[in-house]
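The values are calculated or read from the model by the stated rules, or taken from the named source; none is laboratory data. Computed from a predicted model, the values in this text were never measured in an experiment. Counting neighbours? That spans all protein chains shown, and the Cβs are built from the backbone with ideal geometry, glycine included. Please note that ligands, DNA and RNA were not included when accessible areas were found on the heavy atoms of the full protein model with its side chains. Shrake-Rupley method; radii C 1.70, N 1.55, O 1.52, S 1.80 Å.
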Amino acid sequence: MSASSSQPTLSSPDGSVPESVVVSQDASDANALTDDAASVGGEWGPPSEIGSEPVSGGAGFIPAIVFLVLMLAMFINPIEPKTSAEFDRATSSLNVLTLAKLAIAGMASGLGGIALWVSPRTRQLLSSLPGLGLLALGGLFCITSLFAIESNAMISRASALIFVGYLLFTAMALATLGPRRMVAAIVAGTSLYMLVTWALFLVVPEMGTFEEYISATETVRRMGGTGHPNNIAKTAIAIGLVGVAMYLGRTESLVSVCVRGPWQRLLLIGIMVLAAATVVATLSRTAMLAGMAAAGVLLIDRLYGRGGLALGIVGIASAAILVLGVSLFTGEGPFSETAVSAVTKSGDVEELTSLTGRTTIWEEAIGLIAKRPLTGYGMDSAASVMSREATGTHNLLLHVTFSAGVFACLLMLLMLGWSLVFGATSPQEWIRAVLTYVLVSGLVEDTIIESFPTTLTVLWLSALLAPALAGRSQS
């Protein structure tokens, strides 16, 4: 926004207006800007210059529709009934659930397309450097889907179009609702998803439990029902991190998602507890480790200095003392059967050295990519092409390359580089947490870019686009 359109002007013929009046007026306007940071909508009139658009409330019919569609997407899209390692793609059959996801995707894409036509602020977000990179990535998904393997061609093309539709919708939601209300819609929808997951896990355990074989005869029971445990944990961690950012975050920026109301903060505490319990029930070590890394980056400005250094030293020393204490008490080394059993499912140290079989999966994925390096196999194709044990590439860059070829990989590498350089150093806690979590989790999981975008994918898109709302100074 241009300064000339928003800066108040106070003057008098004799120039006698006290300076304190001007300062007071400026402060009032700054407070108003902070209060309206949650919503930058109200732009559904004729297109105008970006700099002349007012920062206004998000009340109205269109913002309400956007909020509802986003909340429904975050509730429905992650649901993929699963009680065992037998893999079934989200788009593998036109059941009621898939039709519901397609209907929501159609609404989201339609709203995003309209916004691209009539909303200057939406176009502003998409014309930022991250926005252009994401549009180019979506374009490559669409182009390479034309060369997808025959058995997966329709699914790949639909998935590519859905990604572009949700990208437009995410920009439109940011422009219409503002980051705070948009994140609130994401948290609300995902919380409903977690509640349904818990209901199945506790009330209908035969549907809500995931049986995972750790040997030929042994299984471990993990929370499932609405998806693979790792995907459930990924979603829960994302909401837990955003919840912390909303509770502790800054309020002085258009990009802020912080809330200060007592009831809102009490509700956030409940959501964070629900998310933490969900992660524990899924037994997902990947989500836990990536979540801890993201939480550290989220809180880095509060840990900076001698106090934070002391806390870090105490943490490292405590971990070392714990390992030493266990070794002395059991009389066994840190890689003994007892110690390994505590951090693995099978009790086999090979589970750690192979990253639970991921090294074998990566080797298989790279070999397949070498056969189709330019076009890949199409989105959502790994389950059809790779071995039954793999079901996916388990690495974000391999996932994109397998789906759309090496040029898409290079674009994703640029987006991840942007996430590292600008995201991890952002003054906004929620942006730091989301982008760091994607970076760390993406080392060993596909993490984002699904057939139907779920919580973390939409948060990643939002975290990349949101700084453009406040101009270059917030990037």
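Assorted remarks:
- Among the residues listed as Ala173, Ala188, the single one being in contact (Cβ under 8 Å) with a residue 40 or more places away in the chain, closer than 16 Å to Leu68 by Cβ and either acidic (Asp, Glu) or open to solvent by 10 Å² or more (accessible area, probe 1.4 Å) (or both): Ala188
- Remark: Ala408 falls outside the filter, which requires a residue to be of a type in the set (A, V, I, L, M) and touching a His at 6+ places or on another chain (Cβ under 9 Å).
- Taking the stretch 444-466 as the range and being more than 20 Å from Ile162 (Cα to Cα) and at pLDDT 90 or above as the test, only Ala466 passes.
- Conditions (1) surrounded by fewer than 24 Cβ atoms within 10 Å (Cβ to Cβ); (2) free of Cβ contacts under 8 Å to residues at least 60 places away in the same chain; (3) in a helix (DSSP H, G or I); (4) not charged (D, E, K, R); number of the one not met by Leu411: (2)
- Check on Phe402, modelled with pLDDT of 90 or more, within 29 Å of Ala370 (Cβ to Cβ), open to solvent by 10 Å² or more (accessible area, probe 1.4 Å) and not in a loop (DSSP other than H, G, I, E, B): no
Each row is one residue, and each column tells you yes or no for (1) touching a strand residue (DSSP E or B) at 6+ places or on another chain (Cβ under 9 Å); (2) open to solvent by less than 10 Å² (accessible area, probe 1.4 Å); (3) in a helix (DSSP H, G or I).
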position: Thr425; (1), (2), (3): no, no, no
position: Leu435; (1), (2), (3): no, yes, yes
position: Leu439; (1), (2), (3): no, no, yes
position: Leu443; (1), (2), (3): no, no, no
position: Pro453; (1), (2), (3): no, yes, no
position: Leu461; (1), (2), (3): no, yes, yes
position: Leu465; (1), (2), (3): no, yes, yes
position: Ala468; (1), (2), (3): no, no, yes
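- From Ala153, Ala148, Ala115, Ala136, residue being surrounded by 18 or more Cβ atoms within 10 Å (Cβ to Cβ) and either in contact with a His (Cβ under 7 Å, 6 or more places away or on another chain) or part of a helix (DSSP H, G or I) (or both): Ala115
- Figure legend. Inter-residue proximity from the stretch 134-151: first residues over 22 Å from Leu413 (Cα atoms), second residues at pLDDT below 90 and open to solvent by 10 Å² or more (accessible area, probe 1.4 Å), beta-carbon distance below 8 Å, spacing 6+ or different chains. Indicated pairs: Ile149/Ser384; Ile149/Val385; Ser151/Ser384.
- Selected residue (only one of Leu410, Leu420 is under 16 Å from the mean Cα position of the chain (by Cα) and at negative phi): Leu420
- Of all residue pairs spaced 6 or more apart or on separate chains, those with beta-carbon atoms under 7 Å, a first member in the stretch 366-389 that is closer than 15 Å to Cys409 by Cβ and a second member that is open to solvent by 40 Å² or more (accessible area, probe 1.4 Å) and at pLDDT 90 or above are Pro373/Val406; Leu374/Val406; Thr375/Phe147.
- Ala90 vs. criteria modelled with pLDDT under 90 and either surrounded by 15 or more Cβ atoms within 10 Å (Cβ to Cβ) or in contact with a helix residue (DSSP H, G or I) (Cβ under 7 Å, 6 or more places away or on another chain) (or both): yes
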